[in-house]
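Working notes, structure below.
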Amino acid sequence: MDRNAVLGCLIFLPMAGAFVSYVIGRFRKNIRDCFADALVILEFILALFLFVDFGKSGTAQFHIEEFAGYGIHFVMDGFRSIYALIAALMWMMTTVFSGEYFRSYRNRNRYYLFTLLTLGATMGVFLSADLYTAFIFFEMMSFTSYVWVAHDEKKASMRAAQTYLAVAVIGGMIMLMGLFLLYHTLGTLEIASLLEAGRLCENKGLLYAAGTCIAIGFGAKAGAFPLHIWLPKAHPVAPAPASALLSGILTKSGIFGVLAVSCSLFYGDALWGEAILIIGTITMFSGAVLALFSVDLKRTLACSSMSQIGFILVGIGMQGLLGFLKEGKALAGAGTLLHMINHSLIKLVLFMAAGVVFMNIHKLDLNEIRGFGRKKPLLCFVFLMGALGIGGIPLFNGYVSKTLLHESIVEYREYYFLSSQMAGSGFLPEGMAFIEWIFLVSGGLTVAYMTKLFIAVFVEKNRDEQVQKSFDEKKNYMNVASGISLTVSALLIPALGMLPNLLMDGLADRGRDFMHAGHLEEVHYFSLESLKGAGISMGIGILVYCLIVRFLLMKKTEAGRVYVDRWPSKLDLENGLYRPILKALNGLCGFFCRILDSLVDWIVVFLRKTVYRDRPFPFELQEGTMFTYRLGTICNKVQTWVEKKFPNPKRRHHEFVHEFALVHLQLIENRMVISRSLSFGLLLICIGLILTTIYLLGVHW
């Protein structure tokens, strides 16, 4: 089998299949579902083939030259082979699960169309060999996945979709600016060449500006603070299978871009590492706090995704700070990659489990779904695997990656004074001690909010006895296909966690070249020192649940204790900060555009009143112009002659001077309507052309 052709198929096969499935769905929906299932299973087989075959016969590459001038290029390496397989696995599981989940939904044909298009676009991002290709497919992915958020077309969904698209578009524009700067500075956008080109670059200021713009664009999709605002809004309204993909895969496409810039362009750059570490720490902690306060099942999982993205960003930041130390950078690099993988698999399980709850009772509020899973052992097992994994409990996959990330922080502190290369650069040990405690507390908050969800859904009883009785009597809550999808996905979590040296270290080693992280030495994951961090987080989690969740975040009512949302609405960044700023900017830009639109008229009037004074007419026209007056006068005289020569009392008399003046006035009004409607657009086009010309002239000179 031609590996290069298989690489191209991973990207373009699902895109072509999307339109075929749409046509089939117009006539036979059951055949459409089977076709989509077969297509994603084939995609998984192709990804598995490249994953297994990697390294045997060289690197696979796929090119389309001269596309959009630069061409698009794809490549398969260790990191990309892992995430192509993860993406294919998640799409396969969620698509099979979608067959049952969407049985009561409308617009299913549209959902399958854009789901398969998004699969191809996402593969294009992960397999891209350069940032230009990544940008094209990244933007394509943003627009196709927008349909997921807006799927049910309700008011909340449309508003969330608006936020999602706004963040994606603004982030994309900033990213494009960064790509222009980077190409102008380095002359290349190829990811494999960024490391050497960055080292040779003398203009570090332009390099930082370009890297910052690119990181902002990718970070917006990843859900990093302060561009996380779409995550808590989009997940509760999107269908559960789409939420699993948004959280598990699409956020990782943003991380892919941040990694490409951080681990190549700014390899071993302490200043860049500090910036990413600070952003990651804020994202990690704030996401955990938001999840703890939430009383909506999917919103809690969405805020949890934000927090786990923060853990990953912490790992990327530590790679920058530990660039001088091979062992430390290997720990940070392995922890980063493995937590990406673990979070993808965990959120696949948790969001599909949440989907099972929603498709049965169509509710997500913890007080309303309380007790749904009490007599459902399979669903309980699946959710428990995800909860233990994301909580970092030993013997589950999340523990392994969090241990590596924690060890990289400890490594930094221990070697700070021992290395001459480290002295005077990066965080002081005291600052890193603070970061370490935020790391452990965030892990504890994760344990607390996952405990809250598990107890609410699977332990506590519903306040309404009749509702609880209906929950207990519901036996066929998911079909065989959905059960297999959830069970297989859930079993991966303990399998990876129980065999970390055999399975997870191998995955980390395969992805190290992409991050220039170095070989990971054998780690004793279950030593007392390694277990200490997990134990501290678990202890914090138990205390937070007992003291904060059970008392502060619940209140007594006549029907019993209920969960309450005590998060202050004033702290909503979107409604409290971003939307008011955008509204003010829109008004300000409109004001200046109106001034510019009228500026020429003001200048003309001023010149006519001063320098070029109008010559007075022999007489003042009451209406029309000199042309309409002369033409109307001639027509009136002709009319008078005809009336005298050929009198006819039924003939209507016309006042042509007045009628021609009215026609002229109507033409002026029509022209003004057209010109005013186009004026803003033409003005913006002119400004854009002027700025583009200035930029090109600057590049030329």
* residue 452 - accessible surface, heavy atoms, 1.4 Å probe, Å² rounded to 10 -> 0 Å²
* To do: Go through 49, 27 and list them by solvent-accessible area, largest first, probe radius 1.4 Å.
  => 27, 49
* Asked: Against the longest alpha carbon principal axis of the chain, how many degrees, from 0 to 90 and to the nearest 10, is the axis of helix 626-645 turned?
  -> 50 degrees
* Structure fact -> Taking only protein heavy atoms and a 1.4 Å probe, the highest-to-lowest accessible-area order of 252, 532, 363, 556 is 556, 532, 363, 252
* Give the ranking of 102, 526 by solvent-accessible surface, highest area first, calculated with a 1.4 Å probe. => 526, 102
* Would you please give the FRET efficiency between residue 521 and residue 30, computed as 1/(1 + (r/R0)^6) with r the Cβ-Cβ distance and R0 = 45 Å, to the nearest 0.05? => 0.25
* Is it possible to state the helix-based mean residue ellipticity at 222 nm for the chain, with each DSSP H run of 4+ residues giving -39500 (n - 2.57), the sum divided by total residues, to the nearest 500 deg cm²/dmol? What is it? -> -24000 deg cm²/dmol
* Structure fact -> One checks the Cα atoms of region 15-105 and finds Rg and Dmax, in Å, of 16.3, 48
* Whole-number accessible area per residue in Å² for the chain, which is evaluated in the context of all protein chains at 1.4 Å -> 46 Å²
* Asked: How many percent of all Cα-Cα pairs in the chain sit more than 45 Å apart?
  -> 31 percent
* To do: Could you state the angle between the C-alpha long axis of helix 78-101 and the longest principal axis of the C-alpha atoms of the chain, as a value from 0 to 90 degrees rounded to the nearest 10?
  => 80 degrees
* To do: Determine how large the accessible area of residue 543 is when every protein chain is in place; take a 1.4 Å probe and give Å² rounded to the nearest 10.
  => 110 Å²
* Structure fact -> Using a 1.4 Å probe on heavy atoms of the protein chains only, the accessible area for residue 274 in Å², nearest 10, reads 40 Å²
* Shape of region 446-604 from its Cα gyration tensor (a ≥ b ≥ c, root eigenvalues): rounded if a/c is under 1.5, otherwise prolate when a/b > b/c, or oblate? -> oblate
* Once a ≥ b ≥ c are taken as the square roots of the eigenvalues of the Cα gyration tensor of region 422-513, is the result rounded (a/c under 1.5), prolate (a/b larger than b/c) or oblate (a/b not larger than b/c)? -> oblate
* **Given charges at Cβ of Lys, Arg, Asp, Glu: the chain dipole, positive-most of 672, 353, 291** => 672
* Hey, how much of the P(r) for region 315-377 falls beyond 21 Å, as a percent of Cα pairs? -> 50 percent
* With θ set to phi - 60° and the Karplus curve 6.51 cos²θ - 1.76 cosθ + 1.60, what are the ³J(HN,Hα) couplings of region 159-171 in order, to the nearest whole Hz, using x for Gly and Pro? -> 5, 5, 5, 4, 5, 4, 5, 4, 4, 5, 5, 4, x
* State whether region 106-218 is rounded, prolate or oblate according to the following rule on the C-alpha gyration tensor (a ≥ b ≥ c being the square roots of its eigenvalues): a/c under 1.5 gives rounded; otherwise a/b larger than b/c gives prolate, and the remaining case gives oblate. => oblate
* Using only Cα atoms, tell me the angle between helix 108-126 and the longest principal axis of the chain; keep it within 0 to 90° and round to the nearest 10. => 70 degrees
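The values are calculated or read from the model by the stated rules, or taken from the named source; none is laboratory data. What you are looking at is a predicted structure, and each value in this text was computed from that prediction instead of being measured. Ideal geometry is used to build each Cβ from the backbone, glycine not excepted, and the neighbour counts take in all protein chains shown. What goes into the accessible areas is simple: the full protein's heavy atoms, side chains included, and nothing from ligands, DNA or RNA. Shrake-Rupley method; radii C 1.70, N 1.55, O 1.52, S 1.80 Å.
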